[in-house]
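Single-structure report; data block below.
The values are calculated or read from the model by the stated rules, or taken from the named source; none is laboratory data. Everything numeric here is computed off the predicted structure, so don't read it as measured data. All Cβ positions, even for glycine, are placed from backbone atoms using ideal geometry, and neighbour counts span all protein chains on display. Surface areas here come from the heavy atoms of the whole protein model, side chains and all, with no ligands, DNA or RNA. Shrake-Rupley method; radii C 1.70, N 1.55, O 1.52, S 1.80 Å.
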Amino acid sequence: MSEPDGGAASPPWTAGAAWIDGRYCPVGDARISVLDLGVTRSDCTYDVVHVWQGRFYRLDAHLDRFAASMARLRLDPGQDRAGIEAVLHGCVRLAGLRDAYVSMTCTRGRMLPGSRDLRTARNSFYCYALPFIWISHPEQQETGARMRISDLIRIPPQSVDPTVKNYHWLDLDLALLDAYDHDADLVVLRDLSGAITEGAGYNVFAHVDGGGLPPGHGTLAGITRRSLIELAREAGQRVDEGCLTADNLLRADEVLVTSTAGGIMPVTVVDGAPVGTGTPGPLTRDLRDRYWASHQDPRYSTPVRYEEPA
Ligand SMILES: Cc1ncc(COP(=O)(O)O)c(C=O)c1O
């Protein structure tokens, strides 16, 4: 793992730092080949962890999920777990960020020239750290986001396993563009049976009939979703993982989305109608406070190694 070369602008690279092809660089200089199967076929997996106030949140859980996804896709990052971890710390350190969005990707890479044999591809691995990203900005969280239930069907889990974090996002992106046309900020897609799945980078959770109801399958096993369920149960709330329908969502007292990119974020309008009182509800506010407080808990968070050369 080499340090940045002398020719590049010197760190901190506050717009973001990347590690690619075995070296660090400003994120704007990180390049990937147009022939990489990650680009031409979405043949890759990735994970995103965040850093808040100088600490990684649930880094082990993200590394576990990334390792499981790579194993499922038969991808080899060419780094062991400690190596991946060192590079993540290195990107945050070189960007000098206290609050960061930190992404790691492993792609199939390029096949040998003239070959169509996937087995000739050497997998590629890269990471980057950016300033923290919010799906719903803190100001928007004061009033809550507006969500649309899309008519588009989420790619079925039988085709692309949603528990392997992936870049098959055309359904999500097109649904989101359509949601913008309907004056919504967020979108959620249903599966072929009509059950609610997830949206563009987040899981969804509704408080309905006195309990929390997150979809139990057909989605990414979000780590923020897991945190929310644990925190809700610790607070004595009932949570029933199962099937969430559009009807549940429309008559829920409270709706929220969960993501590493922003945590626990209230939704106060679904398909143009107010959720409950039409303002972020007490349960959502309480869980959001507990979630951010848990970032100081050493059971969940680890300090970034700002001093240590990666
Ligand atoms: C499709 C999808 N669902 C859910 C999530 C939320 O997962 P996590 O809480 O682990 O960030 C993401 C995160 O990017 C996602 O892409």
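Using the heavy atoms of the protein chains alone and a 1.4 angstrom probe, what is the accessible area of the chain per residue in square angstrom?
Computed with neighbouring chains in place, this is 45 Å² per residue.
For the chain, set up a Gaussian network in which alpha carbons nearer than 10 Å are linked by springs, and say which option among 277, 268, 219 fluctuates the most.
Highest fluctuation of the listed residues: 277.
Got the relative contact order for the chain handy, in percent, Cα pairs under 8 Å and 6 or more residues apart?
Worked out over the chain, it gives 19 percent.
Diagonalise the Cα gyration tensor of the chain and give the resulting equivalent ellipsoid semi-axes, square root of 5 times each eigenvalue, largest first, whole Å.
34, 24, 17
Take the solvent-accessible surface of the protein heavy atoms, probe 1.4 Å, and return the percent of it on the chain that carbon and sulfur atoms account for.
Carbon plus sulfur share of accessible area: 53 percent.
Once the other residues with Cβ under 13 Å from the Cβ of residue 174 are scored (Lys, Arg +1; Asp, Glu -1), what is the net sum? Kindly include the intermediate steps, with their values, before the conclusion.
Working: positive: 148, 154; negative: 151, 171, 173, 178, 181.
Taking every Cβ under 13 Å from that of residue 174, the sum is -3.
For every helix of n ≥ 4 consecutive DSSP H residues, a contribution of -39,500 (n - 2.57) applies; sum these over the chain, divide by its total residues, and give [θ] at 222 nm rounded to the nearest 500 deg cm²/dmol. Could the numbers behind the result be given before it?
Values: 8 runs with 82 residues, N = 310.
Result for the chain: -8000 deg cm²/dmol, rounded to the nearest 500.
Provide the net charge surrounding residue 37, with neighbours chosen by a C-beta distance below 9 Å and charges set as Lys +1, Arg +1, Asp -1, Glu -1.
Here the count lands on +1.
Would you kindly state the longest site-free stretch of the chain, with sites defined as trypsin sites (Lys or Arg not before Pro) in a DSSP loop (not H, G, I, E, B) surrounded by at most 15 other Cβ atoms within 10 Å?
Between exposed loop sites, the widest span is 117-237.
Report the net charge of residues surrounding residue 110, where surrounding means a beta-carbon distance below 9 angstrom and charges are Lys +1, Arg +1, Asp -1, Glu -1.
Around residue 110, the charge tally is +1.
Residue 16's amide H: which non-local residues (gap 5+, or another chain) put their own amide H closer than 5 Å, with H modeled 1.01 Å from N in plane and none for Pro or chain starts?
When sequence neighbours closer than 5 places are left aside, the close amide H contacts are 27.
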